[in-house]
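The values are calculated or read from the model by the stated rules, or taken from the named source; none is laboratory data. Predicted model, so just to flag it, every value in this text is computed and none were measured. Glycine gets a Cβ as well: all are built from the backbone with ideal geometry, and neighbour counts include every protein chain shown. With ligands, DNA and RNA removed, areas are computed over all heavy atoms of the protein, side chains included. Shrake-Rupley method; radii C 1.70, N 1.55, O 1.52, S 1.80 Å.
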Amino acid sequence: MSIIQLTDVTKDYPLGKTTVHAVKGVTFEIIEGDFISIAGPSGSGKSTILNLIGCIDTPTEGMVTINGETTSGLKDREITRLRHNVLGFIFQSFNLIPVLNVFENIEFPLLLGEERMGKKEKGEWIDYLVEEVGLTEWKKHRPNELSGGQRQRVAIARALATRPQIVLADEPTANLDSTTGESIIELMKKINREMNTTFIFSTHDMSIIHIADHIIQLRDGLIISEERREIPVS
Amino acid sequence: MKIFIIALRNVNRQKKRSFLLGGAIAFGIMIVTLINGFAGSFMENVADNFSQLFAGHIFIEGVEKTEEGKSIALVRDETILLETVREEGIPVQYINKRSAFGGTVFFQGKSVQQQVVGISWDEEEFLKDRLHLVDGGFENMELKKGIILSQNVAAKLKVEINDTIDIRLRTVFGQLNVGDFVVAAISYDPGLFGSISAYANLEYVNELLTLAPWEYQTLGLFLDDIRLMDVEVQRLYQALGEKVELFERKETVEENPFMAMMRQGEEEEWEGIRYRLFTLNDFLKELEQIVITLNIASVVILLVLLVIIMVGITNTFRMIMYERIKEIGTMRALGMQQGGVKSIFLLEALFLSLGGAITGLFTAGIIMFGLSKIYWGLGTPLSLLMKNGYLTFSIQTGQALMYVIIVALFTLAAAYIPTRKAAKMKPVEALYNIGTFRR
Ligand SMILES: Nc1ncnc2c1ncn2[C@@H]1O[C@H](COP(=O)(O)OP(=O)(O)O)[C@@H](O)[C@H]1O
Ligand SMILES: [Mg+2]
């Protein structure tokens, strides 16, 4: 089942007196449970596309559809709610809240929604996530006491806190050494299998894209190849 | 609830900056509170001190028209006055009886004008605490002709203790009279409100005024609580008015009630005995200007403080937004609404201002406590503003609370501008720090 649909999407950025055409007309589809990599060299438009899918930016032209709903018509309030309910984010530089410890960082998205989880249930769920990313012993530590790999694990757990359908990760390994980076992707894959969460990660590192089930290669804002190795069962 | 925790921890993040900003708020609130505290007890202390010098809060003065049409000041029959005071249940602590005259003091060819008050020293023990002597002693007043002169007068006349001086005066009937006095003591003169009176024995003053020993001119009622004087004088005025003739008590812009009554005494056609009823407040009203000035000063300081806070907070929060723009983007991406972003930062501003304001109040409290424990002595001009040589402060909780609220509101308003701007940013621009807050 299609969960994300991009149709003739373009994105232009004004740059001084000129315009940068970051994405030049892209059409593709992501199905539920996908583990997809958007790959390409720096400047090829990976981040732009992830931002558009993540509803933190809007396309210049074309349509982004999530769960059959076109995002362009929505008000900020609705878009924010959509991000909260449907999407999870993992960033290149982790972006944890420095004043919160591991547990609190993971809990953070749960404080934003309208629906309230019981205290006990919430505690157990977060503990489960902490366990899942292997940080039980670090639960009370603040981000600045953690290594890069550990921080990205916290970010993964945080992205999963609201049980989103889709998790977006823009170059999640770019600030990590290759071994750690690979383990992060493997962890994401494991969760993808266990929870059937759709993962979209971008990378410029060709050595890790083999883990993905579905690979879209970009160059200069255009798709140059799309390869589907495995179709998730759903 | 977590939002509170985040905001609180955020205050703690840039300790030095928060400390400076909170410290500025605290300092301002402290100064304003100190001024208000001082102004708050100023009137009370001044009134207290004067009530002891004048021996009362409410005064009744008798005036009698003679057959020749002259007004003479005396209370010939006090029974009806004392009865009314008792019947009305006026809460008096002491009742004092005094006579006084204005005369000319002579000593070895030098002379000086001086008000002389006759006192029953046995009944006015507390005047001994109020009157600060620089030479001599109260025990010398056991001498019938003893007199306590103020420092200034003593200096002008070059008199010393045990010197004999002559005072020329007019009796209540207007005849010239001369009395000789022995300098018993010399009192400190604060020099704030003109020269202070000389104090003698009532018995001797009466004699010189040609009053009978049991007669006197002014009955002073010293109330249980000085704050009651305005209410009680009205009650007494009503009740006495039914039994004796009273001069009308009325207050106008140009005249206090006392002045009005003095004028009536001269202008109006009347006969027999009349009484003047007046209070210390009638005279002290003029001093309220000082309190008003102090309060205006504190409001001006508060305004300056608020402007400084506004500028400081706006700049600080612009800086904070710049520093944490990526964090804001992250929170927005994770699904925090614009309102949520505003709440976090406004709470931070609120904590900062409340922290500062409460620290300021607290510090002011400590300083006031400390200052009020120091004995400044009675021998300074400022002693009239103090209570027995100690500074006192009086804080109105409502006012202090209002200042805290005003400061908090201004802080919130100042923080709101950059906060709203940051909250309204597109999440992607915040996340990657594009545009608005880029340097
Ligand atoms: N805010 C922006 N303003 C101007 N140009 C931008 C902006 N964001 C990205 N670009 C440009 O768009 C192109 C694609 O950028 P991006 O999507 O970040 O690529 P990638 O993530 O693959 O490195 C690049 O040429 C980049 O310089
Ligand atoms: Mg990128």
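Restricting the first member to region A:74-103 and to residues that are under 27 Å from A:Glu137 (Cα atoms) and open to solvent by 10 Å² or more (accessible area, probe 1.4 Å), and the second to residues that are within 16 Å of ligand 1 (Cβ to nearest atom) and among the charged types (D, E, K, R), the beta-carbon pairs closer than 6 Å and six or more apart or on different chains are A:Gln92/A:Asp170; A:Gln92/A:Glu171. Scanning region A:36-75 for residues that are among the hydroxyl-bearing types (Ser, Thr, Tyr) and in contact with a helix residue (DSSP H, G or I) (Cβ under 6 Å, 6 or more places away or on another chain) gives a single hit, A:Ser37. Among residues of region A:191-207 that are small (Gly, Ala, Ser), those with a beta-carbon under 6 Å from a residue that is crowded, with 16+ Cβ neighbours inside 10 Å at least six positions away or on a different chain give the pairs A:Ser202/A:Ile38; A:Ser202/A:Lys46; A:Ser202/A:Leu50; A:Ser202/A:Asp170; A:Ser202/A:Glu171. When A:Pro41, A:Pro14 are checked against the criterion of being surrounded by fewer than 19 Cβ atoms within 10 Å (Cβ to Cβ) and either more than 14 Å from chain B (Cβ to nearest Cβ) or more than 14 Å from ligand 1 (Cβ to nearest atom) (or both), A:Pro41 stands alone in meeting it. Here region A:44-63 is the region considered, the condition is being within 12 Å of chain B (Cβ to nearest Cβ) and among the small types (Gly, Ala, Ser), and the residue that is farthest from ligand 1 (Cβ to nearest atom) is A:Gly54. Is it the case, given these coordinates, that B:Phe27 is more than 14 Å from every other protein chain (Cβ to nearest Cβ), of a type outside the set (Lys, Arg) and not in a helix (DSSP H, G or I)? In short, no.
Okay, residues lined up against (1) in the same structural domain as B:Val291 (by TED's automatic domain parsing); (2) in contact (Cβ under 8 Å) with a residue 40 or more places away in the chain; (3) surrounded by fewer than 17 Cβ atoms within 10 Å (Cβ to Cβ); (4) hydroxyl-bearing (Ser, Thr, Tyr):
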site	(1), (2), (3), (4)
B:Leu347	yes, yes, no, no
B:Leu350	yes, yes, no, no
B:Leu354	yes, yes, no, no
B:Ile367	yes, yes, yes, no
B:Ser383	yes, yes, no, yes
B:Tyr403	yes, yes, no, yes
B:Ala408	yes, yes, no, no
B:Ala415	yes, yes, no, no
B:Lys421	yes, yes, yes, no
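Here A:Val20 meets the list (1) open to solvent by 50 Å² or more (accessible area, probe 1.4 Å); (2) within 30 Å of A:Glu137 (Cα to Cα) almost entirely, failing just condition (2). Within this structure, A:Glu137 fails the test of being without any contact (Cβ under 8 Å) to a residue 40 or more places away in the chain, among the acidic types (Asp, Glu), surrounded by fewer than 20 Cβ atoms within 10 Å (Cβ to Cβ) and within 11 Å of chain B (Cβ to nearest Cβ). Of the strands (runs of 3 or more DSSP E) lying entirely inside region A:12-90, the ones with 1 or more residues being farther than 26 Å from A:Ala174 by Cα and either within 16 Å of ligand 2 (Cβ to nearest atom) or under 15 Å from the mean Cα position of the chain (by Cα) (or both) are found at A:61-66.
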